[in-house]
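J.: This structure is in structure tokens; I'll ask about it shortly.
The values are calculated or read from the model by the stated rules, or taken from the named source; none is laboratory data. Not measured: the values here are computed from a predicted model. So basically every Cβ, Gly included, is an ideal-geometry build from the backbone, and we count neighbours across all protein chains shown.
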Amino acid sequence: MAPPSITIRPPAPFTRTITIPGSKSLTNRALLLAALARGTTTLRGALDSEDTVVMHRALERLGAVIHQGPAEDRRTIIGLGGAPRSLSDPLGPLHVGDAGTAARFLSAVLAASPLCAVLDGSPRMRERPMRELLIALRRQGAEIKDLGAPGHLPARICGPAAGLVGGEHRLARPPSSQFISALIFAAALARAPTRVVLEAGTPARPYVDMTLALLRRFGGSGAWLDPSVIHIEPTPLHAVDLDIEPDASSASYFLALAAIYGGDVTIPQLGAASLQGDARFIDVLAAMGAEVEQTATTTRARGRGPLRGVDLDLSAMPDMALTLAVTALHARGPTRIRGVGLLRHHESDRLAAAATELRRLGAVVVEHDDGLTIEPPARAPSAQHDARELEIHTYNDHRMAMAFSLAGQVSIRAPSCVDKTFPGYFDLLGQLDMVPR
């Protein structure tokens, strides 16, 4: 049984090379594309977590054959050679849990497939926005019936027998880049070319770039025509052998630990050549005063003195907002985080949740529509509290748990929520002697 809380203490200065599990974003995209491709794909370094298990199981129900090797990070996928055409146990819903990638991407694939299925998720996933995506898929010819609140899961999705029509989608700025990636997947299965016109830009564009790069790796055709228009040609996909990069979001916590506590951390196989926008979090730490070094394939951060507050737009890497927010507790001067209003619609309202917990750690926090302003406490959090007295609430949100483990001497409530994307996270902290035995 998972413990109700786990005590964390600050690390002593350390020098470590830390191996990070595979990227969730890359793993789920690669699993999906492999299932749609012809032939057998091999994935090495794939993440094994709650979110990827959800995708794995859903694709198996849609007919893909997926084998997990003795090494948990290896998968072989025998693809369908196109859109799914059958669903095992058709009366049972495809359940996506809390996984936003699975919810949005599978909606698109179901809409492009000649079958009907109910897609459902956790209570929190039922609250997260789907409306603009479902409207766009209806316009392409899918029949979608709301089974709960309009524009949310659960929904019954039936694809047209002849396939989606293609053509043009015009979107105002969607609440998640996952909507755009989902439409790219749908367009790859459509009858005719598709243009996605983003009238007010896209949040977290690096995730869309990642989707396009992987689509092309599997033989698909999709590219930006200009900063607001994506063109996708429906093209048969083929199997590949693919190495999945370490998860840059997960790496950020260890890089920040080094910057905060005087450590020296190297992350192998993750560098400037990464497809992940969050690999640029190293630039945030540099702006705060850490020493950083990044080659094409490695990233290193060293803490060499006090950090300073920053004023940064993180719209290209919104998942890094919580890592920065907790790092800001240890900086001199205020930090302003901008461009991350979409975080209110994730596993928790991350802006409100972070503000609440930062205040309990002694910070003065102002919530904005698009972010936070954080005035750090005069003394570091670890010098103010006893871990038994200060318990961090995680709101069943993996990023809240991992980010606030950087705070100092604290107790993290419901730590098992990290299993969503990083099941071994607290084991790695234990190797840094941050988890008392």
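J.: ARG29: under 30 Å from ARG300 (Cα atoms) and in a strand (DSSP E or B), yes or no?
T.: For ARG29, the condition - under 30 Å from ARG300 (Cα atoms) and in a strand (DSSP E or B) - is not met.
J.: Now a separate question. Output the residue which, of all residues in the stretch 200-222 that are without any contact (Cβ under 8 Å) to a residue 40 or more places away in the chain and touching a strand residue (DSSP E or B) at 6+ places or on another chain (Cβ under 6 Å), is nearest to ARG280 (Cα to Cα).
T.: In this case the residue turns out to be LEU212.
J.: While we're here: Taking the stretch 291-324 as the search range and keeping residues that are charged (D, E, K, R) and in contact with a strand residue (DSSP E or B) (Cβ under 9 Å, 6 or more places away or on another chain), which one is modelled with the lowest pLDDT?
T.: For the stretch 291-324, the residue satisfying everything is ARG304.
Residue-by-condition table, conditions (1) in the same structural domain as ARG191 (by TED's automatic domain parsing); (2) in a helix (DSSP H, G or I); (3) closer than 23 Å to ARG359 by Cβ; (4) not β-branched (Val, Ile, Thr):
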residue: TYR253; (1), (2), (3), (4): no, yes, yes, yes
residue: ALA279; (1), (2), (3), (4): no, yes, no, yes
residue: LEU285; (1), (2), (3), (4): no, yes, no, yes
residue: LEU312; (1), (2), (3), (4): no, no, yes, yes
residue: LEU322; (1), (2), (3), (4): no, yes, yes, yes
residue: ILE337; (1), (2), (3), (4): no, no, yes, no
residue: LEU342; (1), (2), (3), (4): no, yes, yes, yes
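J.: Can you tell me which of ARG128, ARG61, ARG75 is among the basic types (Lys, Arg) and under 19 Å from the mean Cα position of the chain (by Cα)?
T.: Step by step, each of ARG128, ARG61, ARG75 is checked, and only ARG128 is among the basic types (Lys, Arg) and under 19 Å from the mean Cα position of the chain (by Cα).
J.: Let me ask another. Restricting attention to the stretch 290-301, report how many residues are in contact (Cβ under 8 Å) with a residue 40 or more places away in the chain and surrounded by fewer than 20 Cβ atoms within 10 Å (Cβ to Cβ).
T.: Number satisfying all stated conditions: 0.
J.: I'm trying to understand the selection: among the residues of the stretch 62-96, which are surrounded by 19 or more Cβ atoms within 10 Å (Cβ to Cβ) and in contact with a Ser or Thr (Cβ under 6 Å, 6 or more places away or on another chain)?
T.: ILE77, ALA83, PRO84 - these are the residues of the stretch 62-96 that are surrounded by 19 or more Cβ atoms within 10 Å (Cβ to Cβ) and in contact with a Ser or Thr (Cβ under 6 Å, 6 or more places away or on another chain).
J.: Within the stretch 348-437, which helices (runs of 4 or more DSSP H) (wholly inside it) include 1 or more residues that are crowded, with 19+ Cβ neighbours inside 10 Å and free of Cβ contacts under 8 Å to residues at least 60 places away in the same chain?
T.: 350-360, 398-404
J.: Could you please let me know if PRO160 is touching a residue at least 40 places away in the same chain (Cβ under 8 Å), over 25 Å from ALA30 (Cβ atoms) and under 22 Å from the mean Cα position of the chain (by Cα)?
T.: Answer is no for this residue.
J.: Evaluate the following for THR211: is it surrounded by 23 or more Cβ atoms within 10 Å (Cβ to Cβ) and among the hydroxyl-bearing types (Ser, Thr, Tyr)?
T.: yes
J.: Right, here's the next one. What's the number of the only condition in (1) surrounded by 23 or more Cβ atoms within 10 Å (Cβ to Cβ); (2) in contact with a Lys or Arg (Cβ under 9 Å, 6 or more places away or on another chain); (3) touching a residue at least 60 places away in the same chain (Cβ under 8 Å) that ILE260 fails to meet?
T.: Every listed condition holds for ILE260 apart from (2).
J.: Restricting attention to the stretch 270-285, which residues are in contact with a strand residue (DSSP E or B) (Cβ under 9 Å, 6 or more places away or on another chain) and surrounded by fewer than 17 Cβ atoms within 10 Å (Cβ to Cβ)?
T.: Passing the criteria: ALA272, ASP283.
J.: Further question on the same structure: Can you go through GLY271, GLY201, GLY219 and tell me which one is under 21 Å from PHE422 (Cα atoms), part of a loop (DSSP other than H, G, I, E, B) and over 16 Å from the mean Cα position of the chain (by Cα)?
T.: Testing whether each residue is under 21 Å from PHE422 (Cα atoms), part of a loop (DSSP other than H, G, I, E, B) and over 16 Å from the mean Cα position of the chain (by Cα) leaves just GLY271.
J.: Could you tell me how many of the residues in the stretch 176-196 are touching a His at 6+ places or on another chain (Cβ under 7 Å) and aliphatic (A, V, I, L, M)?
T.: 2
J.: Examine the stretch 326-335 for a residue that is in a loop (DSSP other than H, G, I, E, B) and either in contact with a Ser or Thr (Cβ under 7 Å, 6 or more places away or on another chain) or surrounded by fewer than 18 Cβ atoms within 10 Å (Cβ to Cβ) (or both), and state whether such a residue exists.
T.: Yes, that holds for at least one residue.
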